[in-house]
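Here's the structure we're looking at; comments come further down.
We did not get these values from a lab; they are worked out from the coordinates using the rules stated. None of these values were measured; they are calculated from a predicted model. Cβ sites come from the backbone with ideal geometry, for glycine too, and all protein chains shown count toward neighbours.
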Amino acid sequence: MATNAAVLESTRPKAAVHTASKATPQPYMNSYLAGIGLGLVLLAAFVIMGRGLGASGAFSTLVSSGVAAIAPEHAAGNPFYSEYVGDGTTSPFKDWLVFEVIGVFLGGFLSGTLSGRVKWMVEKGPSITTRKRFYFAFLGGGLMGFGAKLARGCTSGQALTGGALLGAGSWAFMMCVFAGAYAFAYLMRRQWQ
Amino acid sequence: MTAPFFKFGYFSEDIGLVLAIVIGIGFGFFLEQAGFGSGRKLAAQFYFTDMTVLKVMFTAIVTAMLGVFWLGVAGVLDLSLVYVSPTYLWPQIAGGLVLGAGFVIGGYCPGTSCVAVSTGKADALVYLGGILAGIFVFGELFPAIEEFYISSAYGTLTLPEVFHLPYGVVVFAVVVMAIGAFAAAEWGERKMAQKKENKT
Amino acid sequence: MKNFLTLLGLRGRLAAMAIVFGALAIVAGDPYTGAHASVDTRQLALDVFEEKDHTSTEQLAGWIIEGRNDFRLLDVRTEQEYAAYHIPGAELVTIAGLAEYPLRRNEKIVLYSEEGIHAAQAWFLLRAKEFSGTTILRGGLEGWKATILFPRLPDGAGAEEKAAFERKKLVSAFFGGSASVGGTASATPSVEMPKLAMPVPKSPAAQQSGAKKKKEGC
């Protein structure tokens, strides 16, 4: 299966292939096979846990716990933080999503190591400085964090999970993610092209 | 009906956390294999040069959707025990637009940024810091926007309920739509590649 | 046939598989058919002990005033009682019809009856079927009348109680009730009961128009 995918991938246009690293990383898996793999992992989460995948929830736990550690009263008075911090009977980090995200880091590293793609570098287009790229990364991350909380989930929790379960709000969300990204793509073209 | 296993009490919450890591590893593995550890590959989606995001995402949705449907119909999975996040229409529309802008500006989404960090992308690390800051800003503003946050609530609303169609019909429609989108994506990628060749 | 399949290539084969499974889905029926019932008696007992099985009348009134509709309010009394008066937004369900009633296991459900016995029985049935977000309205409809529709400020109340009563007055007016000051508790029913007819014409109309407006957003 994997060799089949590699052959398929190598016949595709060179523009899609990662060119930044000097080492010889293996080509990416065929998109559809990777998608099926991702779908089966999601299905496993439904069957085993009765819930989907997520990512941003774990970061909310981290932020809320941080706020609670620095200003406990402030966190307790804010319903957003206090929901993630919990009632103090168990650690807020003893949470399903937190452990799942730890797994995501491990899985990404595993895959990257196997395919020779782990390398310290900055992802950017050729016509932008690293410093500027970092500004944009921080700004984009900030918008992402804010938007994900407003929508009650990110691309994993809402678009993938809710999409597979045919949630109405999740599909509306997914369309808006693409709309928002395409709307800003032109302004950002110098960063990537 | 024997699934979801956790909801039927086949294992404890602690075992569930171990399984969370295992499921997370699978999630991270396929995200990285798909190429989502690269911000440029992700962003290329929005310049029509590389439609991997659309292809992987919709293949995953179709796979999981068909799996859930058929396991539900076969009586293996009690779908009503699977958590479907409730619809809050306007907050989700607004959140989606903001998140989409963040996607193309930052180059990642929360899940893919984890994978990018673990494969050594420095910009993804900065991006993660940005996410934490964004969540902090949201938390600080929460009392002011709570009213909007809980507005236009429809409870657990699914597309079959919105369109008054049988579940299976919507499943088929999503499959057809996805395959149409894939065909369009393949065509678009070829066009863009030709355009690039003509330029050089 | 085999030749045809190899001609299709990987993408084509995957697409064909998806189409076949998708097309069969049209005639396969509904996946939401689970009718499993299991009772975790320890969990139920714990929830009752910790008072997690109740929603207070004040909380419910607050939700209705905020216009939230992320919860379901079920009236398990008789049709006549429901027609005479019900809390705005409540849906009439008989206990016998509860099993077939379209509810979701991840929904917040609030049950009420006249005093609470029927609601408690319905609560147990729903919890047994894993509707884990089910709660009983504290005090039932009697409690709703006493605390929301017709609150009473007892004689000799302190300043704090008086301030709280001002808020209660507004809430009561919102639901078409009336607040009163002083008097003994025993005299309450004879004064209040006739007034109960008042909110009847008002609340269903208000509730309908409110519900319609929200649905239009979609």
Self-check item: Partner chain coverage, peptide A:118-126 - average Cβ within 10 angstrom
Solution: 6
Quiz prompt | Extreme residue, positive dipole direction of chain B, given options B:VAL18, B:LEU132, B:ALA116 (C-beta unit charges) | solution = B:ALA116
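Grab the other residues whose beta carbon is less than 11 angstrom from that of C:LEU46, score K and R as +1, D and E as -1, and report the net.
-3
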Quiz prompt | Proximal lysine pairs, chain A, alpha carbons under 16 Å, eight or more residues apart or interchain | solution = 4
Practice problem: Name the residues whose placed amide hydrogens come within less than 5 Å of the amide hydrogen of C:VAL110, ignoring near sequence neighbours (fewer than 5 apart) on the same chain. | Solution: C:ARG72, C:LEU73, C:LEU74, C:THR135
Practice problem: Note the angle between two axes, namely the Cα long axis of helix A:96-114 and the longest principal axis of the Cα atoms of chain A, as a number of degrees from 0 to 90, rounded to the nearest 10. | Solution: 20 degrees
Exercise. Could you work out, for the protein assembly as shown, what percent of all Cα-Cα pairs fall into each 20 Å distance bin, beginning at 0 Å and stopping at the bin that holds the largest distance?
Key: 18, 49, 26, 7, 1
Quiz item: Dividing the Cα convex hull volume of the stretch C:41-144 by residue count, how many Å³ per residue is that?
Solution: 95 Å³
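In debye to the nearest 20, how big a dipole does the stretch B:75-200 give about its Cα centre with +1 on each Lys and Arg Cβ and -1 on each Asp and Glu Cβ?
Magnitude of the dipole: close to 700 debye.
Classify chain A as rounded, prolate or oblate from the Cα gyration tensor: take a ≥ b ≥ c as the square roots of its eigenvalues, call it rounded if a/c is under 1.5, otherwise prolate when a/b beats b/c and oblate if not.
Because a/c hits 1.5 or more and a/b exceeds b/c, chain A counts as prolate.
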Quiz prompt | Protection-proxy order for peptides A:80-92, B:147-159, each taking the mean of Cβ atoms within 10 Å per residue, highest first | solution = B:147-159, A:80-92
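Which whole-number percent gives the relative contact order of the stretch A:124-193, counting Cα pairs below 8 Å spaced six or more residues apart?
Once normalised by length, the contact order is 49 percent.
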Quiz item: For the stretch B:80-165, what are the per-bin percents of Cα-Cα distances with bins 10 Å wide, up to the bin holding the maximum?
Solution: 15, 33, 32, 18, 2
Practice problem: State, as an integer percentage, the relative contact order of chain B based on alpha-carbon contacts under 8 Å between residues 6 or more apart. | Solution: 30 percent
Self-check item: Shape category assigned to the stretch A:31-145 from the gyration tensor of Cα positions, a/c cut at 1.5
Solution: oblate
Exercise. Determine the dipole magnitude for the stretch A:20-121: charges of +1 sit on the beta-carbon of Lys and Arg, -1 on that of Asp and Glu, nothing else is charged, the reference point is the Cα centre, and the result goes in debye to the nearest 20.
Key: 600 debye
Exercise. Would you calculate a helix-derived [θ] at 222 nm for chain B, using -39,500 (n - 2.57) for each DSSP H run of n ≥ 4 and dividing by the full residue count, to the nearest 500?
Key: -24000 deg cm²/dmol
Quiz item: With +1 on each Lys and Arg Cβ and -1 on each Asp and Glu Cβ, how big is the dipole of the stretch A:124-193 about its Cα centre, in debye rounded to the nearest 20?
Solution: 380 debye
Practice problem: Note down the relative contact order for the stretch B:23-118 as a percent, whole number, built from C-alpha pairs under 8 angstrom at least six residues apart. | Solution: 47 percent
Quiz item: Which Cα, out of C:TYR82, C:LEU44, B:LEU99, lies furthest along the positive dipole direction of the protein assembly as shown (beta carbon charges, K/R +1, D/E -1)?
Solution: B:LEU99
Practice problem: Of the options A:TYR81, A:GLY107, A:TRP192, report the single residue whose Cα projects farthest towards the positive end of the charge dipole of chain A (beta-carbon charges: Lys, Arg +1; Asp, Glu -1). | Solution: A:TRP192
Self-check item: Rounded to 5, percent antiparallel among DSSP beta bridges of the protein assembly as shown
Solution: 15 percent
